[in-house]
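Written out below as structure tokens is the structure these notes cover.
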Amino acid sequence: MARLLLWLLGVYVLWVLCIEAVGTKTASVKNRDPSIHMSDLLHLKITRHFPHCSPSDSMCVLKCSASRVQEANLTWFKEKQVCSQVRVFNSNPDPSLSLYVKYQDKSNYSCVLNNQTSSKTLYANIPQLCKPCPDKTQTALTVKEGDSVTLHTDLKDIQEDIFIRWFFGPNETLIVEISKNYVQICVDGELKGRLLVDSQTGDLTITNTSKTDSGIFKLQINNEFRTCWSFSVTVSDPLPSPQISSQSKHCPSSGSKCVVECFVENVKSKATLSWYKGNSSLSSINVLGLNYLCLNLDYNNNGNYSCVISNSLINETKYLIISEVCSGMPSFDLT
């Protein structure tokens, strides 16, 4: 009988402990590792936020977002001081709260989602989230003044979670913002009216280029984390197109040879004028004073000749059509 009573007492104690375990309140859950991937934290994440066409020279904007929340508080803390707070209700199940911080700020910031029974804390990694756009890769592009140049994102289509920004110049001035259903050109200076955006790919075209367009264009593609590319654009003075003629005052006639002159006019900067046969250079001069170059050809010559003016950035080419310039053999008086 005593054994039976002891066994029943043991069963009753275990039953009571199970009931208490089932009814135990949820403990506070905190993540103090800033390096943990943000999407691993259920209902709460911190992302970089970009107000439309707002310069980002001095302040970094962070957004703490919660989802599928009924009743709770969403709060930004600086150390232990409350920066801002919003009350979450059923009518706003996906709240967010912005925080403005300076790029050099080294304080500890945290976003807390809590109610009467539990809380979640996520710490903001300011150096990671607010770091400037690095020169991850750089592409050099040269364009003749007045022409257009296109900077490519290499995207085939802009997805819902992609946000694109284009910057220009040493201060990384914001010039264009693009998302799935949104294109905003933010310039009000030299580039105004000369930017074209491909709404499907995010490619940026600068039209009617001028010398002031020379510089670094940076592309930022945000897909939770930021990735940057840069384009070094150089706008060069235009070079005049070479002209070819067999009627030359500078090139002396040469009996059975067809004498051809290549000349250029109005050269504004240092350049080189050259005759080519295929890819091989036959002759060249620096164009500053002298601006013509002679070539002697047989009338039956079928080679591929071209005259090229070039500098370190661009070139202009004129191809020689021998049948048009050297139209016939000269006649000789043999009497």
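See the values below:
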read-out: Check on Gln184, on the phi < 0 side of the Ramachandran plot and part of a strand (DSSP E or B); value: yes
read-out: Members of segment 180-202 that are under 14 Å from the mean Cα position of the chain (by Cα) and either among the hydroxyl-bearing types (Ser, Thr, Tyr) or within 12 Å of Ile221 (Cβ to Cβ) (or both); value: Thr201, Gly202
read-out: Residue list for segment 75-94, restricted to those being in a strand (DSSP E or B) and either closer than 16 Å to Lys45 by Cα or at pLDDT 90 or above (or both); value: Thr75, Trp76, Phe77, Lys78, Gln81, Val82, Cys83, Ser84, Gln85, Val86, Val88
read-out: Answer residue from segment 142-171, given it is farther than 22 Å from Asn222 by Cβ and among the acidic types (Asp, Glu) and is surrounded by the most Cβ atoms within 10 Å (Cβ to Cβ) among those; value: Glu145
read-out: Residue that is nearest to Val69 (Cα to Cα) [pool: residues in segment 95-141 that are of a type in the set (Val, Ile, Thr), outside any strand (DSSP E or B) and open to solvent by 50 Å² or more (accessible area, probe 1.4 Å)]; value: Thr117
read-out: Residues satisfying the stated conditions in segment 172-215, i.e. open to solvent by less than 20 Å² (accessible area, probe 1.4 Å) and modelled with pLDDT under 90; value: Leu174
read-out: Test: residue in segment 80-102 that is touching a residue at least 40 places away in the same chain (Cβ under 8 Å), among the hydrophobic types (A, V, I, L, M, F, W, C) and more than 30 Å from Val176 (Cα to Cα); value: no
read-out: Residue count for segment 275-297, restricted to those that are open to solvent by 10 Å² or more (accessible area, probe 1.4 Å), part of a strand (DSSP E or B) and either farther than 16 Å from Val308 by Cβ or of a type outside the set (A, V, I, L, M, F, W, C) (or both); value: 9
read-out: Some residue of segment 313-330 being closer than 30 Å to Thr205 by Cα, open to solvent by less than 30 Å² (accessible area, probe 1.4 Å) and of a type outside the set (Gly, Ala, Ser); value: yes
read-out: Qualifying residues in segment 142-176 (those that are in a strand (DSSP E or B), of a type in the set (A, V, I, L, M, F, W, C) and more than 30 Å from Ser310 (Cβ to Cβ)) - the one nearest to the chain's Cα centre (by Cα); value: Trp166
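The values are calculated or read from the model by the stated rules, or taken from the named source; none is laboratory data. The shown structure was predicted, so the numbers you read here are calculated from the model rather than taken from an experiment. Please note: Cβ atoms are built from the backbone with ideal geometry, for glycine as well, and neighbour counts cover all protein chains shown. For accessibility, only protein heavy atoms count, side chains too; no ligands or nucleic acids. Shrake-Rupley method; radii C 1.70, N 1.55, O 1.52, S 1.80 Å.
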